[in-house]
1. Which ordering of C136, C177 is given by a fewest-first count of other beta-carbon atoms within 10 Å?
2. Give me the number: length gained by fully extending Q116 to D14, i.e. 0.36 nm times residue separation minus the C-alpha to C-alpha distance, one decimal in nm.
3. Just to verify a number: FRET efficiency for Y124 and Q81, C-beta to C-beta distance, R0 = 22 Å, to 0.05?
4. State, to one decimal in nm², a quarter of the convex hull surface area for the C-alpha atoms of segment 2-180, i.e. the direction-averaged projected area.
5. What is the order of M125, M143, fewest Cβ neighbours within 10 Å to most?
6. Going by how many other Cβ atoms sit within 10 Å of their own, how do K56, K41 line up, fewest first?
7. Hey, what did segment 2-180 get for relative contact order, percent, Cα under 8 Å, at least 6 apart?
Amino acid sequence: MGRNRVISEDKVLDAAQHVVAKNGASQLTIEAVAIQAGISKASVLYLYKSKRGLIKAVVDRMVTVDAAVNEAAIKDLEGDQNAAIRGRLRASSKGVTNDLRSIGLNLCASIANDQQLRRSGKDYMQRTVQRIKATCDHPKGAMLAFLALEGVKLLELVDWHTWTEGERKRLLQDIECLIDIDPRPSGPATKSISRRPSEARPSQRQPRKLSSRVATTGTKARYAKKSRVPADIRPQLASNSNRPGHPPK
């Protein structure tokens, strides 16, 4: 009896995902799922009570399946201190399928407007983050790798960017290199790196000293420039210079 119910639930959820992928979450009705699954509406309502309950079951199963795939890859790396993040990278070697992308995009609106629908995914991510922080050799580097990986998956899921198989493979290899690094500690007490005078930045270099001849010439030129007098008042200045108290030039 219990086995038949588990199979029927899987059958209903398969039908629900098919409806969402093909027609969108707005067309996910009890009747549409019942027709797709080949069962009565009463059977669907018996299992999930409402459309919202059905959507929640679909989201929860997607989270459960993702967790199982990642856990299997992590278990294969038993003994590796960084298995919590390295296993997730191995499990993500294949890109997002078109069916999963379609389901994810169509469910986004429903999930965004309902905190309870986001609960299972949010709890799963919190457990994953805590596990990486607690078990990896270099938690900061491992977290950078985790954030980079989830960013790649998100871009693929919402169809904002896709990579070729070769590009994706190299990208995941680059992300894996982050696992073993230990970034500098953040904080206000970070010391600046000392430089030799010859390595100073251009804005910090001392001005060159000019030779006495060049300096004198430059001073005379600046003085001559400042002391230029318009031609129309030169005679007046010359007559004033001949008055008592003004020494002749």
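Bear in mind that the values in this text are calculations on the coordinates, not laboratory data. All of these numbers come straight from a predicted model, not from anything done at the bench. All Cβ positions, even for glycine, are placed from backbone atoms using ideal geometry, and neighbour counts span all protein chains on display.
1. Ordered from fewest to most neighbouring Cβ atoms within 10 Å, C136, C177 come out as C177, C136.
2. 34.6 nm
3. 0.50
4. It is 11.4 nm².
5. Ranked by crowding around the Cβ, least crowded first: M125, M143.
6. Ranked by crowding around the Cβ, least crowded first: K41, K56.
7. On the way: 168 pairs, mean separation 38.5, N = 179.
Computed over segment 2-180, the figure is 21 percent.
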